[in-house]
Amino acid sequence: MNISKNLAKQIVEAIKQICGYDINFIDKEGIVIASTDENRIGNFHEAGQKAIKTRSTIIVENINTYLGVKKGINIPIFINDIPIAAVGVTGEPKEVSKYIFLSTKITEIFLNENLLKENLSNKTNQIDYIMQTYLYNQKEKFIYAKNLLKNLNININSKLYAITIELNNSYNLNNIKIIEKSIKAFFEECDCILNTYVFPFEFIGFLPENKFNIFKNNLDNFSVLNKDILKIGIGSLEVLEDMAKSYSNSNIAISYISNEKNYKFYEDFSIEILLNSIPIELKKRYSLEILKTLSKEEIYILKTYFENNMELKKTSSSLFIHINTLQYKLDKIYKKTGYNPRNFKDACFLYIILTFY
């Protein structure tokens, strides 16, 4: 990160307002690029240079110890754990030491704000920043994110759905640009006001409430074209400030996608929403206890049976077995678990247990 002289000047003036001592801002070459003592600007500062190189605080009590110094304390400044400059506070070390921590924090605030402005100089980075702010409920950034939205002329007043598109984790990331182009085009067709990519396997869009029908009209065709490589979860309808909730619900929807379709709407749920609130450990305990006696084939038969609404003919057709064979296998499951899949009450219990498995 290159520090401009203007930014360095703002930093030293801000620190002096707090502590009252002269402040120097020293670059990696040891040159004072800003100072509240104008006579020191452009001079070499050996103690500041050493602070940067050694990544440590350098205290100067004897001015003959280093070149171009006065009594004081010099502290390295880091960005992403890399020393990029040093700040020197001039004065008796015992007196100025109480301002060192504050000087560091003031400098970091200025540098981080400047770094953020640099990173948000293009529209793509601005959108990524906005979406991550709301997806992860970073409330301290809400005001700034809203200002960015206004600058981008994006309406923030309507309610929104979070649309999460999750790639199969076996997808070759070398081809990410290919699928990214297709997904971005889909979001644009549906008039999603914002969309972003979250490494490595998620694409997320914010869909306005009044564009929901357009989205539904495009969804079937897009999902079929990409059935083997992605899943789509549609979250709950929320205001912008609550998009973290919609995003979470879109992922819950994805977790309940069956083989029939590769997308699911959170708002279509009934029993699944209640089941999701049950502690994971309790789910595991029940599923293992009930299903431990069943083979993988029997568990698959049960799942297929419920996916076909407990209809024997449809289930036997899906499994490519005779209906009498299916009845025999369901009876065998009954004997093993004590729950009869053809009894409504028992079937409900087995269905719930399967969702835990």
As a percent rounded to 5, the proportion of antiparallel DSSP bridges among beta bridges in the chain is 95
Efficiency of FRET from Cβ geometry, ILE154 and HIS322, R₀ 51 Å, rounded to 0.05:
0.30
Lys and Arg at +1, Asp and Glu at -1: add these up for the other residues within a Cβ distance under 15 Å of LEU120 and post the number.
+2
Distant alpha-carbon pairs in segment 89-166 (separation over 13 angstrom), percent
76
Find the relative contact order for segment 187-317 and round it to a whole percent, using C-alpha pairs within less than 8 Å whose residues are 6+ positions apart.
14
For an R0 of 30 angstrom, estimate the FRET efficiency from the Cβ-Cβ distance between SER170 and VAL198 and round to the nearest 0.05.
0.95
What's the FRET efficiency of SER121 with LEU312 using the Cβ-Cβ distance as r and R₀ = 45 Å, to the nearest 0.05?
0.10
Let's see if you can work this out: charge +1 on each Lys and Arg Cβ, -1 on each Asp and Glu Cβ, no other charges. What is the dipole magnitude of the chain about its Cα centre, in debye to the nearest 20?
780
Along the charge dipole of the chain, Cβ charges K/R +1 and D/E -1, which of GLN49, ILE82, PHE215 sits furthest on the positive end?
PHE215
Between the alpha-carbon centers of segment 49-92 and segment 192-256, tell me the distance in whole angstrom.
51
Please report, in debye to the nearest 20, how large the charge dipole of segment 5-119 is about its Cα centre when each Lys and Arg carries +1 at its beta carbon and each Asp and Glu carries -1 there.
120
Which is farthest toward the positive dipole end of the chain among ALA14, SER97, ILE26, measuring Cα position about the Cα centre, with Cβ charges +1 (Lys, Arg) and -1 (Asp, Glu)?
SER97
Using the Cα centre of segment 123-275 as origin and beta-carbon charges of +1 (Lys, Arg) and -1 (Asp, Glu), tell me which of THR164, ILE154, TYR136 is placed farthest towards the positive end of the dipole.
ILE154
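No lab work stands behind these numbers, since they all come straight from the coordinates. In this text the structure is predicted, and so the values were computed from the model without any measurement. Please note: Cβ atoms are built from the backbone with ideal geometry, for glycine as well, and neighbour counts cover all protein chains shown.
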